[in-house]
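Asker: Here's a structure for you.
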Amino acid sequence: MRSKIVAGNWKMNKNLDETRTLLAEISAKLPDTSAEVMVAPPFVNLNGAVNALDSSVIEVVAQNMHFAENGAYTGEISANMLLHIKVHTVLIGHSERRAYFGETDELLARKVAAALAHGMRVIFCFGEELEERKTGRHFEVVKRQLKNALFPLEAVVWKSIVLAYEPVWAIGTGETASPEQAQEMHAFIRQTITERYDHTIADAVSILYGGSVKPNNAKEIFSKPDVDGGLIGGASLVADDFTAIVGAI
């Protein structure tokens with residue numbers, strides 16, 4: 001059975017004191033659930049978050065990492081650095097990294113390979129821009145992103161991959177893909193993986209939806225058969241909203 005996952009991407013928000021406060025609120029309000037619950041604070045707060053959640057079921061994950069082991073990469077963080085503070089999962093390929101920092105499919109392929117080589121779990125993000133959706137190229141774009149970054153991988157490593165489909169036009173805009181649009185794309189993603197690998201891998205991989213998920217739409221989105229949870233942005237910064245979304249799954 002595929003894992004159900006709700007992951008909160010905090011982006012560039014919350015200082016350390018605010019991080020501890022929010023984690024305490026989330027922990028106190030977290031409903032009983034069989035889903036995996038994750039939070040991704042900024043780099044400087046990862047260690048504090050790990051310590052704050054030492055006895056919690058909530059996993060702390062990183063928002064990004066570099067592909068190199070070490071070296072002259074000012075401002076970057078390596079897999080070993082993350083593992084040393086007990087962070088074992090990393091987001092790679094978020095649309096904001098692609099848009100604002102020029103991350104290409106080729107660069108992301110190197111990051112994914114480096115994370116997997118260190119035994120980390122990868123939440124790989126991908127999705128189309130508004131113009132690509134309007135011109136009917138959304139399936140083509142998603143297939144290309146998967147093919148370039150993930151399809152060179154051997155089948156055995158897919159047990160360590162989670163996918164996060166995020167239509168870029170629905171991130172931070174208040175717009176949301178309809179549950180039917182989300183299901184259509186998630187089903188397409190599984191079919192694309194089946195064509196490259198097989199049904200076993202396609203049916204086993206968790207595919208999250210990311211794009212303005214809120215408490216009032218989460219249950220309907222999560223009810224779709226190929227949607228296995230959500231990568232949550234703004235709503236993950238409010239304890240009541242985030243825990244309500246966890247409850248919806």
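Asker: Could you please state, rounded to a whole Å, how far the C-alpha centre of region 171-228 is from the C-alpha centre of region 135-155?
Answerer: A separation of 15 Å, based on Cα centres.
Asker: Within region 94-214, how many Lys pairs that are eight or more residues apart, or on different chains, come under 20 Å at the alpha-carbon?
Answerer: Lysine pair count for region 94-214: 6.
Asker: Starting from 0.36 nm per residue, how many nanometres of slack lie between Lys219 and Asn70 once their C-alpha separation is accounted for?
Answerer: Computed gain between Lys219 and Asn70 is 49.4 nm.
Asker: Using alpha carbon centroids, what distance separates region 75-123 and region 10-28, in Å?
Answerer: 22
Asker: Next question, about the same structure. Mind listing the long-range amide H neighbours of Met38? Cut-off is under 5 Å, sequence gap 5 or more, other chains count too, H placed in the peptide plane at 1.01 Å from N.
Answerer: Close amide H contacts, sequence-distant or interchain: Val6, Ala7, Gly8, Glu59.
Asker: With +1 on each Lys and Arg Cβ and -1 on each Asp and Glu Cβ, and nothing else charged, work out how big the dipole of the chain is about its Cα centre, in Debye to the nearest 20.
Answerer: Around 220 debye, computed over the chain.
Asker: For His199 and Tyr100 in one chain, what is 0.36 nm times their gap in residues minus the Cα-Cα distance, to one decimal in nm?
Answerer: 32.1 nm
Asker: Computed over the Cα atoms, what is the radius of gyration of the chain divided by 2.2 N^0.38 Å, N being its residue count?
Answerer: Taking N as the residue count of the chain, the ratio is 0.94.
None of the figures in this text is laboratory data; all of them are computed from the coordinates on show. The shown structure was predicted, so the numbers you read here are calculated from the model rather than taken from an experiment. As a convention, Cβ positions derive from the backbone with ideal geometry for all residues, glycine included, and neighbour counts pool all protein chains shown.
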